[in-house]
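Structure record follows, encoded as structure tokens.
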Amino acid sequence: MSARARFSHGLTALPVTSPLITPGFHHITMVSKDAVRTLAFYGGLLGLPMVKKTVNFDDPGSYHLYFGNEGGAPGTILTFFEWPDSHKGHWGVGGVHHLALGVGDLPGLLKWKRRLIDAGVGVSGPIDRGYFTSLYFQDPDGQVLEITTTGPGYAVDEAPEALGARMIVPPAQRLPGGRDQTAIADSVHAAPVPDITDDMRLEGIHHITGITNVMERMGDFIEEALGLRLVKKTLNQDDGKTRHFFWANYDGHAVAPHSAWTLFDWPKSDYLARPGAGQTHHIAFRAKDRGQQEAWQEHLRAMGVEVTEVLDRNYFESIYFRAPDGMLLEIATDGPGFSVDEPLAQLGRGLQLPDWLEPRRDDIERSLTPL
Ligand SMILES: [Fe+2]
Ligand SMILES: [Fe+2]
């Protein structure tokens, strides 16, 4: 019996067989053509604190920017490679369709709609997804973003201790033909929103949604490799036909924040994601420390997954591997964190370089547009 078969148990809500359970996302890394524009959008318009300005360690002539809450808490970190010459990417099989950021409640969400529209960003929503209510828009590179309320959560149509147990068909009013488009268009905060108020605070990664053509294999993989559990089996509410499944860190009672990975099912599709600007480069999940990460590396190898050596990313240590549909994944340690090379109060101010690039600082700074 292969390692794969031994671990497999299909798309059910059975307890996870993996000995390793990630608390959730560590970070998501996307591709930008222009770091100045990206900083204005994420740092300015969305108000996310920049916690690190550094370069791509594998390509030191270009920026790697990190945004995050509380000095860069895992689960809130958005990072960008600046690739000025990149062609435009697009979503598809083996890639990310959109990234959703959490906000407390509907009034905050409606303020975001007003703030984005006033800035010239096209917004659709708010759309009631049942488990949360969402706005959709794009960043300047075309990355699809969502801002979503954190509630009411996945237990609205299943018992909290039995999430993912059955197929949920969304009610007609949540499907395209059943939505009140006039009410959606009219639903917006009445006054301009020049400042980001407390009720608008973005709480990091709420969920990440990808597209796959091998849903069953991905389900096995997500559960076995990462220890996440199926928490919702439903249909894509924008077509009412194709499957949309959700996995998360779930202990049988509650779904942990910053942990929901969801997949749209495009069976037999060969429309593959194209890497490039406006696309997600990879998704990173958390390991608590180096010891746990090495256990993970061993676990993945036992599953027959090709995985890299442990790489030093200065702020965390990383291993990389691919999901069965091609999505590039990482497991990153929680520590040492972003205050390893500059004080917490000054995160993101100066250009930080790892020790091995310091001797090249002058050349590197000359090749970068000042931010
Ligand atoms: Fe979403
Ligand atoms: Fe990463």
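Read-outs: derived from the displayed coordinates by stated rules, not from any lab. Values in this document were obtained by computation on a predicted structure and should not be read as measured data. Quick reminder, even Gly has a Cβ in these numbers, built from the backbone with ideal geometry, and neighbours come from all protein chains shown.
Lysine pair count for region 3-355 with Cα-Cα distance under 27 Å and sequence separation of 8 or more or different chains is 16.
Suppose R0 equals 45 Å. What FRET efficiency, 1/(1 + (r/R0)^6) with r the Cβ-Cβ distance, do Q181 and L311 give to the nearest 0.05?
On the way: r = 48 Å, r/R0 = 1.07.
Computed FRET efficiency for Q181 and L311: 0.40.
For A287, what charge total do you get from the other residues with a beta carbon under 13 Å from its beta carbon, if Lys and Arg give +1 and Asp and Glu give -1? Within the 13 Å Cβ shell, the charges total -2. Sparse packing (at most 12 other Cβ atoms within 10 Å of the Cβ) combined with a DSSP loop state is found for the following trypsin sites (Lys or Arg not before Pro) in region 222-287: K241, K268. For the chain, the Kirkwood estimate of the hydrodynamic radius, built from every pair of different alpha carbons, is 21.2 Å.
Ordering Y136, T76, M200 by Cα displacement along the dipole of region 64-208 toward the positive end leaves Y136 in first place; charges were set at the Cβ atoms of Lys, Arg (+1) and Asp, Glu (-1).
Between A191 and D85, the simple spin-label model (points 7 angstrom out along Cα→Cβ) gives 5.0 nm. Note on D362/S339: beta-carbon distance plugged into 1/(1 + (r/R0)^6) with R0 of 30 Å gives a FRET efficiency of 0.75. Please work out the Cα center distance from region 289-321 to region 71-132, rounded to the nearest Å. Using only Cα atoms to place each centre, the spacing works out to 28 Å.
Here the Karplus curve 6.51 cos²θ - 1.76 cosθ + 1.60, taken at θ = phi - 60°, turns the phi angles of region 43-48 into couplings of x, x, 5, 8, x, 7 Hz, with x standing for Gly and Pro. Out of every Cα pair in region 178-321, what percent are spaced more than 20 Å from each other? Taking all Cα-Cα pairs of region 178-321, the fraction more than 20 Å apart is 64 percent. Taken one residue at a time, the phi angles of region 140-149 give Karplus couplings (6.51, -1.76, 1.60, θ = phi - 60°) of x, 8, x, 4, 7, 10, 9, 10, 9, 5 Hz. Gly and Pro are set to x. Around the amide H of H206, modelled in the peptide plane, lie the amide H atoms of A100, L101, G102, all under 5 Å away and 5 or more residues distant in sequence or on another chain. With the helix formula -39500 (n - 2.57) applied to DSSP H stretches of n ≥ 4, the chain reaches a computed 222 nm mean residue ellipticity of -4500 deg cm²/dmol. Backbone amide hydrogens, once placed in the peptide plane, bring H97 within less than 5 Å of T209, G210, I211, excluding anything fewer than 5 places away on its chain. Hydrophobic long helices, here whole DSSP H runs in the chain with Kyte-Doolittle means of at least 0.5 and Cα atoms spread over 24 Å or more along the helix axis, are not found.
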